[in-house]
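K.L.:
Please find one structure pasted underneath; my questions will follow.
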Amino acid sequence: MEENTIIQAVLHALEQHSDKISSKMEEMEQRLRGEMHEMGQQLRSEIHAVETRLEAKIDSLREEMQQMNRQLNERSDRLEEELADTQTSVDVLTTKVLHHDRKLRQLAKQA
């Protein structure tokens, strides 16, 4: 009988210890879940901040590229105007040279 009582006491002690371990594991699980949730929130927040900065940088670069494109188009337009003016000058000078050449030939024939 005494042996039964000792076994019962040991079993009871083991059950209590098992209950304590289970309780502590549940507490650890809850704490771990809370920390994981908090870390997830922090990561999402940091990712959002990075996305915001990247979007702002992309917008800035896009605006810079558009400005450069406008400047390039303006420069191209000015060069086209200058080329047209130069071609007009060449046409006028070519006509004058031909006209003078004809006069020189006429003068040469008369002399």
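What follows draws every value from the coordinates through simple rules; no lab data is involved. Every value quoted in this text rests on a predicted model; they were computed, and no experiment measured them. Backbone-built Cβ (ideal geometry, glycine too); neighbour counts: all protein chains shown.
K.L.:
Once you have the Kirkwood Rh of segment 26-68 from its Cα pairs, apply Stokes-Einstein at 10 °C and 1.306 mPa s and quote D in µm²/s.
P.N.:
125 µm²/s
K.L.:
Angle between the Cα long axis of helix 2-110 and the longest principal axis of the chain, 0 to 90 degrees, nearest 10?
P.N.:
0 degrees
K.L.:
Please state the charge dipole magnitude for segment 13-85, taken about the Cα centre, from unit charges on C-beta atoms (+1 on K and R, -1 on D and E), reported in debye and rounded to the nearest 20.
P.N.:
Taking the Cα centre of segment 13-85 as origin, the dipole is about 460 debye.
K.L.:
Picking from SER89, ALA108, ALA56, whose Cα lies most toward the positive end of the charge dipole for segment 44-111 (charges on Cβ: Lys, Arg +1; Asp, Glu -1)?
P.N.:
ALA108
K.L.:
Once mean projected area of the Cα convex hull in nm² is worked out from the coordinates, which option in (1) 13.4; (2) 11.8; (3) 8.0 does it equal?
P.N.:
Looking at mean projected area of the Cα convex hull in nm² for this model, the match is (1).
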